[in-house]
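Working notes, beginning with the structure itself.
The values are calculated or read from the model by the stated rules, or taken from the named source; none is laboratory data. What you are looking at is a predicted structure, and each value in this text was computed from that prediction instead of being measured. No Cβ is skipped: glycine too gets one built from the backbone with ideal geometry, and neighbour counts run over all protein chains shown.
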Amino acid sequence: MGEDVAVTTLHDPESRGFASDNYAGAHPEVLAAIAAANGGHQVAYGEDVYTARLQEVMAGHFGDKARAFPVFNGTGANVLSLQSMLPRWGAVICVETAHINMDENGAPERIGGLKLLTVPAPDGKLTHELIDRQAWGFGDEHRAQPGVVSITQTTELGTAYTPGEIAALTTHAHDLGLTVHLDGARIANAAASLDLPLRAFTTDVGVDVVSFGGTKNGLLYGEAVVVLDPAASAGLPYLRKMDMQLTSKMRFVSAQLLALLDGDLWLRSAQHANAMATRLRAAVEGTEGLVITQPTQSNAVFAILPAGVADRLRTRFRFYDWNEATGEVRWMCAFDTTEADVDAFAAAIRHELIP
Ligand SMILES: Cc1ncc(COP(=O)(O)O)c(C=O)c1O
């Protein structure tokens, strides 16, 4: 040890786009936490001091009953959560745009063995009425049995449920005998948007299990299944291994989650990402030809552009189509998006639209 190590940077570390919060690298404080957790030997598979401390910190955020299970990624957190909440014949009610339905390549069905019962929701939010469209057929052996309602906070469309909206959903779900899962890939953005502690829109309003997101908020990789009501989830340790989400060197995932959650990095980073989306929206809203399609309540802006504009912009800034048929695009900001990035992008958008 101690000799010079050759490292090579193959990309431009100053180049950022608006495609995804996952395009960002890791926050320097997270990398420092990994380095600080390095060296020496620690018991593998989660019996290390970082994972023990994580339990205390998660309990501070989500309440004393909360139990955290670190995992590699968000799809894994979702599949594992849902599997632990349902029997083999169980089904999940969610919106059509839910990540579990649109972007997990059938993992909940194929790996989790679960059926998804979807409903359309233009703003990405489930409601009491939408749940009822699928909450039927209880006791009918011909129908997969609805057992879980899964919501995403913030939603795939960048909107945030209020605690009251979530309370209404959980009360209705529990009355029907269903439990509630919250896909929190962007849970920190929701807390920042609502200006509320994490438990105010989870534990305190009846959510049972959370997929806690870290990667989009500056981790190298790492999320956690956080069980808020132990009665709603069974077999998680076994399922995590079966689902290939049990990391042997768990101290490094836990150390990253601690870097976020043991101080205010989680909130600082999410507040910044949200503020950059607000800035972007303000800079382009009202430009002729551009239609903003969703409220900007987190780190995403959704807009419809005239034909051809998106492709011309993409020669300089990367971002994704959301709906090719309507010309709707999605612009995402991250913890490292700068005001200068936003201003340059907004100027390019206006330049394309204003003759
Ligand atoms: C709403 C939502 N849930 C979960 C995930 C987790 O995905 P991954 O498996 O890529 O970590 C994502 C990532 O895009 C997401 O947007």
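Among the criteria (1) under 22 Å from Val253 (Cα atoms); (2) within 15 Å of the ligand (Cβ to nearest atom); (3) surrounded by 24 or more Cβ atoms within 10 Å (Cβ to Cβ), the one Tyr161 does not fulfil is (1). Among the residues of the stretch 41-58, is any small (Gly, Ala, Ser) and closer than 25 Å to Gln153 by Cα? Among the residues of the stretch 41-58, not one is small (Gly, Ala, Ser) and closer than 25 Å to Gln153 by Cα, which makes the answer no. Scanning the stretch 193-226 for residues that are more than 16 Å from the ligand (Cβ to nearest atom), assigned to a helix (DSSP H, G or I) and hydrophobic (A, V, I, L, M, F, W, C) gives Leu194, Leu198, Ala200, Val205. Out of (1) without any contact (Cβ under 8 Å) to a residue 24 or more places away in the chain; (2) of a type outside the set (Phe, Trp, Tyr); (3) outside the structural domain of Ile151 (by TED's automatic domain parsing), what's the single condition that is false for Ser20? For Ser20, the exception is condition (1). Which of the residues belonging to the stretch 297-311 are over 23 Å from the mean Cα position of the chain (by Cα) and within 16 Å of Ala19 (Cβ to Cβ)? Correct list: Leu305, Ala310, Asp311. Of the listed requirements (1) closer than 24 Å to Glu129 by Cβ; (2) more than 16 Å from the ligand (Cβ to nearest atom); (3) touching a helix residue (DSSP H, G or I) at 6+ places or on another chain (Cβ under 6 Å); (4) not charged (D, E, K, R), Leu178 misses just one: (3). Within the stretch 331-338, not a single residue is aliphatic (A, V, I, L, M) and out of contact with any helix residue (DSSP H, G or I) (no Cβ under 6 Å at 6 or more places or on another chain). Mind checking whether some residue in the stretch 165-182 is of a type in the set (Asp, Glu), part of a helix (DSSP H, G or I), in the same structural domain as Thr215 (by TED's automatic domain parsing) and over 22 Å from Pro122 (Cβ atoms)? Yes, the stretch 165-182 contains at least one residue that is of a type in the set (Asp, Glu), part of a helix (DSSP H, G or I), in the same structural domain as Thr215 (by TED's automatic domain parsing) and over 22 Å from Pro122 (Cβ atoms). Output yes when any residue across the stretch 69-77 is in contact with a helix residue (DSSP H, G or I) (Cβ under 6 Å, 6 or more places away or on another chain) and surrounded by fewer than 21 Cβ atoms within 10 Å (Cβ to Cβ), and no when none is. No, the stretch 69-77 contains no residue that is in contact with a helix residue (DSSP H, G or I) (Cβ under 6 Å, 6 or more places away or on another chain) and surrounded by fewer than 21 Cβ atoms within 10 Å (Cβ to Cβ).
Within the span defined as the stretch 54-69, one or more residues are closer than 17 Å to Leu182 by Cβ and within 16 Å of the ligand (Cβ to nearest atom). For Asp103, the criteria (1) more than 20 Å from Thr203 (Cβ to Cβ); (2) buried (at least 19 other Cβ atoms within 10 Å of the Cβ) hold in every case but one, which is (2).
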